[in-house]
Amino acid sequence: MISRRDFLQAAVAASAIWGADGVGRWSRLAAQQALSQDKLLEFDTLGNVTLIHITDSHGQLVPDWFREPETNLGVGADKGLPPHVTGADFLKLYNLKPGSPEAYALTYLDFDALAKGYGKMGGFDRIATVVKAIRAARPEALLLDGGDTWHGSYTVLKTQGQDMVNAMGALKPDAMTSHWEFTLGIDRVKEIVKGLGFPFLGANIFDATWDEPAYDPYKIFERGGVQIAVIGQAFPYLPVANPKGMFPDLSFGIREDRIAQMVQEVRGKGADLVVLLSHNGFDVDRKLAGRVAGIDVILTGHTHDALPEPVMVGKTMLIASGSNGKFITRLDLDVQGKEIKAFRHKLIPIFSDVIAPDAEMAKLVAAQRAPYEKEMAEVIGHTGGLLYRRGNFNGTWDDLICNAMIEEREADIALSPGFRWGPSVIAGQPITREDLYNATAMTYPNCYRSEMTGAQLKAILEDVADNLFNPDPYYQQGGDMVRVGGMGYAIDVTKKQGERLSNMTLLKTGAPVDPAKTYVVAGWASVNQGTEGPPIWEVVESWLKRKGTVTIEPNHSVAVTAG
Amino acid sequence: MRLSRREVLAVGAGGVALAVLAPRAEASAVDDVVNQFTGGASVGTGGVTLTAPEIAENGNTVPITVDAPGATAILVIAPNNPTPAVCTFNFGPMAGSQKAATRIRLAQTQEVSAIAKMADGSFKKAAMTIKVTVGGCGG
């Protein structure tokens, strides 16, 4: 019998190195090499600076499965550009082979089958191994965390983020920025930041009353004789996309002028290299890079994109390092005379069966999980098919959640938020309580049951659609499209707000949704304060326990026109 | 004019007080407001900066800043508010700068504009869309 490790050794190498001195696409240089830890970490150290980027780990301390999106539409100037390229088009763009480790890591294609062969990805013990290896080659490397770290799992919820603070803290990052961190509540954030030991940066976080900076905007590091300024940019739309009552005195926003001002300020202080550690989302950063001069590198976050090569906007390099612990980026730079003369980049896929766990971190992670292992491991149901969330429209995880809400809350229609986080569960696997919390754990989980007219539903869906498909990325505000159960609709993403949705249909009767008629709607994660109802995980667990095995049928109730 | 922050906030409160519920303004009402300010003169661009969030964190109190070096007055208009004329800042000859910040209420997503009357009697305009959204779905 072939072990997983043998199988992986036999497969094609997962990654390659691409830089100013490299010639090919991601896979070309390392073709025909075996998949091994040495090959995954192989990197010819370049220049005088190394940046290590991790972002959007969403509380995933241990290896997980995370299926990349099938549908990720770009609009306006971003149409058809990475990261809005998926599946076979992605493979073609980056010259990757179907079924290869990189195809598994970076696309949704054959995910269920490949997941069984290639195994889970990520895990802080494996990440620690990689970070240590990079630091062995370049002791002065900067480790930068793009945020969405203290969020997204059973243990995060139970420890109010302490598990992630401990694990990430052990990696000794040099700085971080934030988004979901603030949904722990401002008091908890203040408490953590006080003892963090490294800067919690946010040039765009202001006191809401006085419009004065609330957190350090940047930090300048001297590494390898280079003055490196790291400017932090938190998620700009926290008070819109998340409940602002959880951080009532803070204001965010893109604040492009402020970023430009900070770039000037750090250049004035002698910075040789300017790095924006951003949680803006990729398209916002792409626009920003074209409008604010003087940023050398933007370490992007929020939109969970994993790109095997940097995207260049003029002289600015945009890096996208994925999510859920699946990848970290190593970027080596040769900085001379305040300019990047050469670079070498590698998106390192964290294949958990290939990269050996770091013993120290494995112990630390086990200690965070130990008090909760028993309750997390409890099997609450089984899934016949793959459960995944990521994508612009409904995924099977949210279809499951919507089905549970409709039955448990006796609703006509269910709404589940279009979060980008939430690992996958492979077909035929048990669903544990931990799996359910990985898809739902957050601090405003109440599952409401209310009445809405067809007109109100249309207005809400149009609003959310504009927050995703507004052609100007500065006006995009949140996650993917809200997932809908019990109702079908057609959407033309190229239209204006108010005109995108049509053919709203109540699935149980096949009748058109009547603007004047009232429907019972269940949903969760409302940003309105005082939302009442049981936590969503209780609703879903109770439903799963009744059902036993669940198989989510393919969902054809959303018809998408992308122009 | 040198306003302290407290005074600016007071002006802002005044601006909000103006925005009482009333039927949506007609396009002609907006034209009337502009014409009253400009006397029908043509309005150019450049020389005036309007700074505001792209998406309002709270439509009831949206921070805006207008800045028009050399202006004698700046009119702020929210065309889709029940009362489109939000406020006018007047700057005397001794004013250290022609910049003012306030908070305004927006009934819905709209293109807010600032028209500056310059010392030479010409008019300049800046505008930007400020989105008011129901929010949700934080990614």
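The values are calculated or read from the model by the stated rules, or taken from the named source; none is laboratory data. Given the structure is predicted, the values throughout are model-derived calculations rather than measurements. Counting neighbours? That spans all protein chains shown, and the Cβs are built from the backbone with ideal geometry, glycine included. Remember, those area values only see protein heavy atoms, side chains included, never the ligands or the DNA or RNA. Shrake-Rupley method; radii C 1.70, N 1.55, O 1.52, S 1.80 Å.
Numbers at a glance
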{"read-out": "Residue among A:THR494, A:THR505 that is part of a loop (DSSP other than H, G, I, E, B) and either surrounded by 18 or more Cβ atoms within 10 Å (Cβ to Cβ) or more than 22 Å from the chain's Cα centre (by Cα) (or both)", "value": "A:THR494"}
{"read-out": "Members of the stretch B:95-113 that are of a type outside the set (A, V, I, L, M), more than 14 Å from chain A (Cβ to nearest Cβ) and under 25 Å from A:VAL464 (Cβ atoms)", "value": "B:ARG105"}
{"read-out": "Residue that is nearest to A:ALA490 (Cα to Cα) [pool: residues in the stretch A:424-447 that are open to solvent by 40 Å² or more (accessible area, probe 1.4 Å) and within 14 Å of another protein chain (Cβ to nearest Cβ)]", "value": "A:ASN446"}
{"read-out": "Selected residue (only one of A:VAL540, A:VAL513, A:VAL521 is out of contact with any strand residue (DSSP E or B) (no Cβ under 7 Å at 6 or more places or on another chain) and crowded, with 20+ Cβ neighbours inside 10 Å)", "value": "A:VAL540"}
{"read-out": "Residue, most open to solvent (accessible area, probe 1.4 Å), within the stretch A:202-213, restricted to residues that are within 14 Å of chain B (Cβ to nearest Cβ) and over 23 Å from the mean Cα position of the chain (by Cα)", "value": "A:TRP210"}
{"read-out": "Those residues of the stretch A:141-170 which are part of a loop (DSSP other than H, G, I, E, B) and either in contact (Cβ under 8 Å) with a residue 60 or more places away in the chain or small (Gly, Ala, Ser) (or both), in sequence order", "value": "A:ALA141, A:GLY146, A:GLY147, A:ASP148, A:THR149, A:TRP150, A:HIS151, A:GLY152, A:SER153, A:GLY161"}
{"read-out": "The stretch A:460-476, subset in a helix (DSSP H, G or I) and within 9 Å of chain B (Cβ to nearest Cβ), residue nearest to A:GLY80 (Cα to Cα)", "value": "A:LEU468"}
{"read-out": "Exclusive hit being in contact with a Gly (Cβ under 8 Å, 6 or more places away or on another chain) and among the aliphatic types (A, V, I, L, M), set B:ALA116, B:ALA126", "value": "B:ALA116"}
{"read-out": "Some residue of the stretch A:306-328 being under 18 Å from the mean Cα position of the chain (by Cα), under 12 Å from A:HIS53 (Cβ atoms) and among the β-branched types (Val, Ile, Thr)", "value": "yes"}
{"read-out": "Pairs, first away from chain B (no Cβ under 14 Å) in the stretch A:173-201, second assigned to a helix (DSSP H, G or I) and open to solvent by 30 Å² or more (accessible area, probe 1.4 Å), C-beta under 6 Å, six or more apart", "value": "A:GLY185/A:MET246; A:PHE200/A:VAL193"}
{"read-out": "Some residue of the stretch B:110-130 being closer than 25 Å to A:GLU462 by Cα, modelled with pLDDT under 95 and polar (S, T, N, Q)", "value": "no"}
{"read-out": "Qualifying residues in the stretch A:179-196 (those that are open to solvent by 10 Å² or more (accessible area, probe 1.4 Å) and of a type in the set (D, E, K, R)) - the one farthest from A:ASP145 (Cα to Cα)", "value": "A:ASP187"}
{"read-out": "Wholly enclosed strands (runs of 3 or more DSSP E) of the stretch A:333-423 bearing at least 2 residues open to solvent by 10 Å² or more (accessible area, probe 1.4 Å)", "value": "A:339-349, A:379-383"}
{"read-out": "Check on A:ASP125, touching a residue at least 24 places away in the same chain (Cβ under 8 Å) and more than 20 Å from A:ILE348 (Cβ to Cβ)", "value": "no"}
{"read-out": "Qualifying positions in the stretch B:38-52 - outside any loop (DSSP other than H, G, I, E, B) and over 13 Å from the mean Cα position of the chain (by Cα)", "value": "B:THR38, B:VAL43, B:GLY44, B:THR45"}
{"read-out": "Residue tally, condition out of contact with any strand residue (DSSP E or B) (no Cβ under 9 Å at 6 or more places or on another chain) and among the hydrophobic types (A, V, I, L, M, F, W, C), over the stretch A:169-212", "value": "4"}
{"read-out": "Residues of the stretch A:61-104 that turn out to be closer than 19 Å to A:GLY479 by Cα and among the charged types (D, E, K, R), as a count", "value": "5"}
{"read-out": "Strands (runs of 3 or more DSSP E) fully within the stretch B:53-94 counting 3 or more residues that are open to solvent by 10 Å² or more (accessible area, probe 1.4 Å), away from chain A (no Cβ under 14 Å) and out of contact with any Gly (no Cβ under 8 Å at 6 or more places or on another chain)", "value": "B:85-90"}
{"read-out": "Some residue of the stretch A:137-145 being surrounded by fewer than 20 Cβ atoms within 10 Å (Cβ to Cβ) and not acidic (Asp, Glu)", "value": "yes"}
{"read-out": "Strands (runs of 3 or more DSSP E) fully within the stretch A:216-327 counting 2 or more residues that are away from chain B (no Cβ under 14 Å) and open to solvent by 10 Å² or more (accessible area, probe 1.4 Å)", "value": "A:218-223, A:311-313"}
{"read-out": "Criterion (in contact (Cβ under 8 Å) with a residue 60 or more places away in the chain and in contact with an Asp or Glu (Cβ under 6 Å, 6 or more places away or on another chain)) met by exactly one of B:THR49, B:THR83, B:THR38", "value": "B:THR49"}
